[in-house]
1. Could you point to the residue in Gly127, Leu291, Leu274 farthest towards the positive end of segment 3-296's charge dipole, with +1 and -1 charges on the Cβ of Lys/Arg and Asp/Glu respectively?
2. What shape does segment 157-251 have by the C-alpha gyration tensor, where a ≥ b ≥ c are the square roots of the eigenvalues, rounded means a/c under 1.5, and otherwise prolate means a/b greater than b/c and oblate the rest?
3. How big is the antiparallel share of DSSP beta bridges in the chain, given as a percent to the nearest 5?
4. Among Arg276, Arg152, which comes first, then next, by fewest other beta-carbon atoms within 10 Å?
5. Using only C-alpha atoms and all pairs of different ones, pull out the Kirkwood radius for the chain in Å with one decimal.
6. Rank Leu204, Leu225, Leu274 by mean-square fluctuation in a GNM of the chain with C-alpha springs under 10 angstrom and give only the top-ranked residue.
7. Extension gain Val126-Leu57, at 0.36 nm per residue separation less the Cα-Cα distance, in nm?
8. Just to check I understand the Karplus step: with θ = phi - 60° and J = 6.51 cos²θ - 1.76 cosθ + 1.60, what whole-Hz values come out for segment 181-194, glycine and proline as x?
Amino acid sequence: MSAALVLLAYAAAVGFVGPAVLLKSRWPQRAPLLGAALWQAMNLAFCAAVMLAGYGLAMPSQHLHIVLVDLLRTCGVHSDSISAGSDRFAVAWPVMVLAALLACLGGRLAHTGRARARHRRALDLVGWRSPELGVTVLPYAVPAAYCLPGRRPRIVISDAALSRLGPAQLGAVLEHERAHIAGRHHLLVAAAEAFRLVFPGLPLTRSACQQTGLLLEMAADDRALRTSSREALAGAVVELAQARTPAGSLAASGPAAVIRMRRILSPQAAPHVLLRVGLVSAATAAPLLPLVVSCSGVG
């Protein structure tokens, strides 16, 4: 079997079978950051397999090092060692896929960045700063809390939330939002959305986009639970469940509030250290396997 066929089979397994297996697994909710990382690793693995399989089908006799040399040639770097039979179309395929991913990622970051900038300007007009809490208070009849991540991060909370939440609940919510900002979770969300835009309809990218957001909310919950009780955080999630938040923000509310509340009130032990090591190894190896197959020239 040629390397290209092996890569296509690998891409099919990662893109169609992998999501079904991972969605049935319980460990991602016990280690949400690791789960989010594995979803992104699977996205990268699928992308690498598709790019290298396309090159392998067009140039079945060439190994991966020829791809790299051809990329240099495409960029204007000439060398006597470049194969005269290299096909520019074969090189163009991985370049186009990579360019599409980078363009979608840049587009998502730019779009959400503009949305956050507009919202910041609106907050400056209608909101006010609370120095003791370190947040912007927004006049809004519904309890709401969210953060605007990025270079100028800001936590926003409605005056209705301030009146409804107790001190312990408020502390849990603020710590949840600080976790989003400190972890730069918006970058992982943007990356997942970029893969979904480049490969629309693929079970992997669709599920990765949904699960990444949910797992990052759970990771922020875990950060809040370091300093807050489970009852306080769960109560805050219930109070904020119906809030609507602006584009580009990360919030403690949302449609997954019920799932998160059950997880908060029914804690489970973190995965065993051996399982975590195995999962980290799998997340690292998944995107590298297509490179190994291409270099080895299977078949």
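1. The listed residue farthest towards the positive side: Gly127.
2. prolate
3. Close to 75 percent.
4. Arg152, Arg276
5. 21.3 Å
6. Leu274
7. Roughly 19.0 nm would be gained on extension.
8. Karplus values, whole Hz, x for Gly and Pro: 5, 5, x, 6, 5, 5, 6, 5, 5, 5, 5, 4, 5, 5.
Since every read-out is calculated from the coordinates, none of them should be taken as a lab result. These numbers were taken from a predicted model, which means no experiment stands behind them. Virtual Cβ from ideal backbone geometry, glycine too; neighbours counted across all protein chains shown.
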